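One structure is given below, encoded as structure tokens.
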Amino acid sequence: MASLIIAPLKIGSVSAPIPIIQGGMGVGISGAGLASAVANEGGIGVVSAVGLGFHEPDFNTHFKDANKRALKHEIQKAREKTDGLIGVNIMVALSDYDNLMEGAVEENADFLFLGAGLPLKFSEAFPPERLKTMNTKIVPIVSSAKAVQVIFNFWQKRFNHIPDGVVVEGPLAGGHLGFRMEQIENPDYALEKLVPDVVRTIQPFQQTFGKEIPVIAGGGIYTGEDIFRMLELGAQGVQMGTRFVATHECDADIRFKEAYIQAEAEDIVIIQSPVGLPGRAIKNTFLKDVFAGVKKPFQCPWKCLRTCNYRESPYCIAAALTQAKDGRLKNGFAFAGANVWRVNKIVSVKVLIKSLLQEYNKMVMAGAAADE
């Protein structure tokens, strides 16, 4: 671990020495390998729960059991490789969201990062008393202060409890985005605007519950300078996804990582996903076909996302992303953040985090020198 000027990230009773959360990237891109490597460097490693059951032999017939089993196995593998902090990213929009949440808590995940929907309802397995006392911390992922207000008001009234932290994800993130098409390029929705708004929104709840709620900034964070800027705006940590794909430990196929390295700025496109949300991806032959109106035949064994219009969709996004993750990019495509064109080599997680901290520390020292 590099020498530290940076403050740790405290979420509830748990503290990460490095305030960097590795973003959850679905269909196995952030699995046990990547998550454990980040945790070993003092950050928070995150296993994505999305699509892990695809490679289970009974996926088509027992998809819920297959997904939960695969998630539990992935958390166990991560635990075997690290004593650090491991979180699980679960999309609220998933049809088996409750089942996956139960699996993650059964494996004593340190955190649940809940995005792609507002975590307002839970299964009977999570009554209010369990939410208050379980070791696993709940951290919603939001795209606005308004969403924070809705979640926290609901939790306060229904559970007399509030989440343990908040990730605010801006429009420069990769994958599915919580913004309308016209908001993505609008400076009013930039992460620099969102973070202070969310910080202000949670202050009354912190006072009411006597509990510190850290704000974590995500979406377009690329350098140590970016981390410094976000912490100056009131965030206590950052979430980063794209940078961690181009690491040796990332669980994706090398051909998927090479797509990141080869991407140019003009290759980054916003697509309209079959699940009804905009998404940021790297343009390739598969997407060019889709843009041209070519349909990619598929069978849907189950509706994995509640919002997916699979009967009219030109392709199965879950299958396309899984094909890409496994290196078959002719049959799929890669989601990526807006800064993916800046990635030019594959490094270890250790080297990446060390360089981020060095860049951050330079900013701290420059600010201290300016104040003298």
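Conditions (1) in contact with a Gly (Cβ under 8 Å, 6 or more places away or on another chain); (2) crowded, with 18+ Cβ neighbours inside 10 Å; (3) not basic (Lys, Arg), marked per residue:
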residue	(1), (2), (3)
GLY45	yes, yes, yes
GLN76	no, no, yes
LEU85	yes, yes, yes
LEU100	no, yes, yes
ASN108	no, no, yes
ALA116	yes, yes, yes
PRO119	no, yes, yes
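Counting only residues that are in contact with a Phe, Trp or Tyr (Cβ under 8 Å, 6 or more places away or on another chain) and β-branched (Val, Ile, Thr), which one in region 320-372 is nearest to ALA7 (Cα to Cα)?
Looking at the filtered set, the residue picked out is VAL364.
Given the condition free of Cβ contacts under 8 Å to residues at least 24 places away in the same chain and not assigned by TED's automatic domain parsing to the domain that holds LEU277, answer yes or no: does some residue in region 42-49 qualify?
no
Among the candidates PHE113, PHE59, PHE54, which residue alone is of a type in the set (Phe, Trp, Tyr) and at pLDDT 95 or above?
That would be PHE113, the only listed residue that is of a type in the set (Phe, Trp, Tyr) and at pLDDT 95 or above.
State all residues of region 17-43 that are in contact with a Gly (Cβ under 6 Å, 6 or more places away or on another chain) and farther than 20 Å from MET101 by Cα; if no residue qualifies, say none.
PRO17, ILE18, PRO19, ILE20, VAL38, ALA39, ASN40
Is it the case that some residue within region 89-96 is in the same structural domain as ARG180 (by TED's automatic domain parsing) and more than 23 Å from ILE317 (Cβ to Cβ)?
no
Is it the case that region 35-46 has a residue that's in contact with a Lys or Arg (Cβ under 9 Å, 6 or more places away or on another chain) and assigned to a loop (DSSP other than H, G, I, E, B)?
yes
Just the residues that are closer than 20 Å to LEU34 by Cβ, buried (at least 16 other Cβ atoms within 10 Å of the Cβ) and among the β-branched types (Val, Ile, Thr), please, taken from region 247-275.
Listed by number, the list holds a single entry, THR247.
What's the total number of residues in region 212-238 that are within 14 Å of the chain's Cα centre (by Cα) and either in contact (Cβ under 8 Å) with a residue 60 or more places away in the chain or assigned to a helix (DSSP H, G or I) (or both)?
Residues in region 212-238 being within 14 Å of the chain's Cα centre (by Cα) and either in contact (Cβ under 8 Å) with a residue 60 or more places away in the chain or assigned to a helix (DSSP H, G or I) (or both): 6 in total.
ILE86 - would you say it is of a type outside the set (S, T, N, Q), assigned to a loop (DSSP other than H, G, I, E, B) and either under 30 Å from TYR360 (Cα atoms) or not assigned by TED's automatic domain parsing to the domain that holds MET240 (or both)?
Judged against the criteria, ILE86 is not a match.
Only one of VAL195, VAL148, VAL167, VAL215 is farther than 25 Å from MET101 by Cα, β-branched (Val, Ile, Thr), at pLDDT 95 or above and surrounded by 13 or more Cβ atoms within 10 Å (Cβ to Cβ). Can you tell me which?
Only one candidate qualifies: VAL195.
Please identify the pairs in which a residue from region 102-116 that is on the phi < 0 side of the Ramachandran plot and in a strand (DSSP E or B) has its Cβ atom under 8 Å from the Cβ atom of a residue that is basic (Lys, Arg) and surrounded by fewer than 24 Cβ atoms within 10 Å (Cβ to Cβ), counting only partners at least 6 apart or on another chain.
Filtered contacts from region 102-116: PHE111/LYS137; LEU112/LYS137.
The values are calculated or read from the model by the stated rules, or taken from the named source; none is laboratory data. Worth saying up front: this structure is predicted, and the values here are computed from it rather than measured. Note: ideal-geometry Cβ built from the backbone for every residue, glycine included; neighbour counts use all protein chains shown.
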